[in-house]
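Just below is one structure, and these are the notes that go with it.
The values are calculated or read from the model by the stated rules, or taken from the named source; none is laboratory data. Remember, it's a predicted structure, so these values are computed and weren't measured experimentally. Counting neighbours? That spans all protein chains shown, and the Cβs are built from the backbone with ideal geometry, glycine included. To get the accessible areas, we keep the full protein, side chains included, count just its heavy atoms, and leave off ligands, DNA and RNA. Shrake-Rupley method; radii C 1.70, N 1.55, O 1.52, S 1.80 Å.
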Amino acid sequence: MKLLDYKKTSFLKSYVNISDIDIQYGIEIAFIGYSNSGKSTVINTLTKQKKISRSSKTPGRTQLINFFEIVPNFRIVDLPGYGYANAPLLIREKWQKNTYDYLKKRNQIKGFVFLMDIRYPFKKLDYIIIDIAKKRNTSILVLLNKCDKLKKYQQKIQFNKAFKELQFLLNSFEIELFSSFKKIGIKKLKFQLNNWYNQYTILNN
Ligand SMILES: Nc1nc2c(ncn2[C@@H]2O[C@H](COP(=O)(O)OP(=O)(O)OP(=O)(O)O)[C@@H](O)[C@H]2O)c(=O)[nH]1
Ligand SMILES: [Mg+2]
């Protein structure tokens, strides 16, 4: 199994609309979740690059579909978060439609890294993403993010609850506690990304 060096990740390209995406080769992993759930920060943590992806205290930071290349033919994609309440409704709807369209239609997606704030999991729009993953039959890693905000025993309770809910909703999934601030869960994230990449290379060689 080839282990990837995530520090070598580089920015590839940004797009406003999915219809503009002109990369057809290789595969990609989509990072998705509510606005402010910590997607861009996870990508910075994974790649050990503080500013590869723009993160912010203000929700709605990521407004484009941003592609990063780990190695040729293997990309991660940072998406605008859904459910950002302060954006004008029209803009919000456009972002959301954009994101859902991309997640539903894009063949190159081989995995979802799906983030939920461990304190407030399974909000309304999260179910839409889980449903898309199920319908596509796409492999999903759920990160219960910002676990540094809870005590150990609370983390366990939230983990068990989420595990049960996911078991009810999906046939298969992976789940892990995550914190960019405390560097928790990174091993699992790398392991899953390595798996996805290796499955692709086995199939294509
Ligand atoms: N406590 C805690 N806060 C975090 C963690 N990761 C990110 N944050 C904070 O959460 C906020 C949002 O982080 P982003 O990475 O910009 O979130 P995002 O999901 O990319 O947001 P959008 O681009 O709006 O979709 C920032 O204030 C981060 O500092 C974490 O592990 N723990
Ligand atoms: Mg972001």
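To the nearest 0.05, what FRET efficiency results for ASN86 and LYS188 with a Förster distance of 35 Å applied to their C-beta separation?
Numbers: r = 33 Å, r/R0 = 0.93.
FRET efficiency, ASN86 to LYS188: 0.60.
If you consider only alpha-carbon coordinates, what radius of gyration and Dmax does region 68-167 have, in Å?
Computed over the Cα atoms of region 68-167, radius of gyration and Dmax are 15.0, 41 Å.
Checking a compactness column here: for the chain, what do you get for Rg(Cα) / (2.2 N^0.38 Å), N being the number of residues?
Cα Rg divided by the expected 2.2 N^0.38 Å: 0.96.
Rg and Dmax of region 1-52 over Cα atoms: what are they, in angstrom?
In Å, with Rg to one decimal and Dmax whole: 12.9, 35.
Quick check for me: using +1 on Lys/Arg Cβ and -1 on Asp/Glu Cβ, what's the dipole size of the chain about its Cα centre, in debye to the nearest 20?
Details: 37 positive and 15 negative charges, 150 e Å.
With Lys and Arg at +1 and Asp and Glu at -1, about 720 debye.
Per the helix-only calculation at 222 nm, which mean residue ellipticity applies to the chain, given -39500 (n - 2.57) for every DSSP H run of n ≥ 4 and division by its residues, nearest 500 deg cm²/dmol? Don't skip to the end; give the middle numbers.
Values: 5 runs with 75 residues, N = 205.
Value at 222 nm, helices only, nearest 500: -12000 deg cm²/dmol.
At most 15 other Cβ atoms within 10 Å and a DSSP loop assignment: could you name the chymotrypsin sites (Phe, Trp or Tyr not before Pro) in region 14-57 that fit? Can you show the working numbers first?
Working: sites: TYR15, TYR25, PHE31, TYR34; in loops: TYR25.
Sparse-neighbourhood loop chymotrypsin sites (Phe, Trp or Tyr not before Pro): TYR25.
What does the charge count around SER19 come to, taking other residues whose C-beta lies under 14 Å from its C-beta (Lys +1, Arg +1, Asp -1, Glu -1)?
Numbers: positive: LYS94, LYS97, LYS104, LYS105, ARG106; negative: ASP20, ASP22, ASP101.
Residues close to SER19 contribute a combined charge of +2.
Give me the distance in nm between label points sitting 7 Å out from Cα along the Cα-to-Cβ direction at ASP20 and ILE202, one decimal.
Label at ASP20, label at ILE202, 3.7 nm between them.
Over the chain, what percent of the accessible surface lies on carbon and sulfur atoms, probe 1.4 Å? Numbers along the way, then the final one.
On the way: 5820 of 10960 Å².
Percent of accessible area from carbon and sulfur atoms in the chain: 53.
Gain in length, LYS123 to LYS149, computed as 0.36 nm per residue apart minus the alpha-carbon separation, to one decimal in nm?
Numbers: separation 26, 0.36 × 26 = 9.36 nm, distance 1.80 nm.
Extra length available between LYS123 and LYS149 comes to 7.6 nm.
Count neighbours as other Cβ atoms within 10 Å of each site's Cβ, and list the trypsin sites (Lys or Arg not before Pro) in region 111-169 that are DSSP loop with at most 10 such neighbours.
Details: sites: ARG119, LYS123, LYS124, LYS134, LYS135, ARG136, LYS146, LYS149, LYS151, LYS152, LYS156, LYS161, LYS164; in loops: ARG119, LYS123, LYS146, LYS151.
Of the trypsin sites (Lys or Arg not before Pro), the ones in loops of region 111-169 whose Cβ has at most 10 other Cβ atoms within 10 Å are LYS151.
Can you list the chymotrypsin sites (Phe, Trp or Tyr not before Pro) in region 149-186 that are in a DSSP coil and have 14 or fewer other beta carbons within 10 angstrom?
The qualifying sites are PHE181.
Tell me, what is the FRET efficiency for PHE168 and LYS2 to the nearest 0.05, using R0 = 30 angstrom and their Cβ-Cβ distance as r? Provide the component values of the computation, followed by the final result.
Details: r = 35 Å, r/R0 = 1.17.
Efficiency, rounded to the nearest 0.05: 0.30.
Taking the Cα atoms of region 120-174 alone, what are Rg (to one decimal) and Dmax (as a whole number) in Å?
Both quantities, over Cα of region 120-174: 11.8, 35 Å.
Run the reach check for LYS104 against lysines, Cα to Cα strictly under 16 Å, same-chain hits fewer than 8 apart removed. What comes back?
LYS94, LYS134, LYS135
If you restrict to DSSP beta bridges whose two residues both lie in region 8-200, what percentage is antiparallel, to the nearest 5?
Numbers: 11 of 34 bridges.
Here the antiparallel bridges make up roughly 30 percent for region 8-200.
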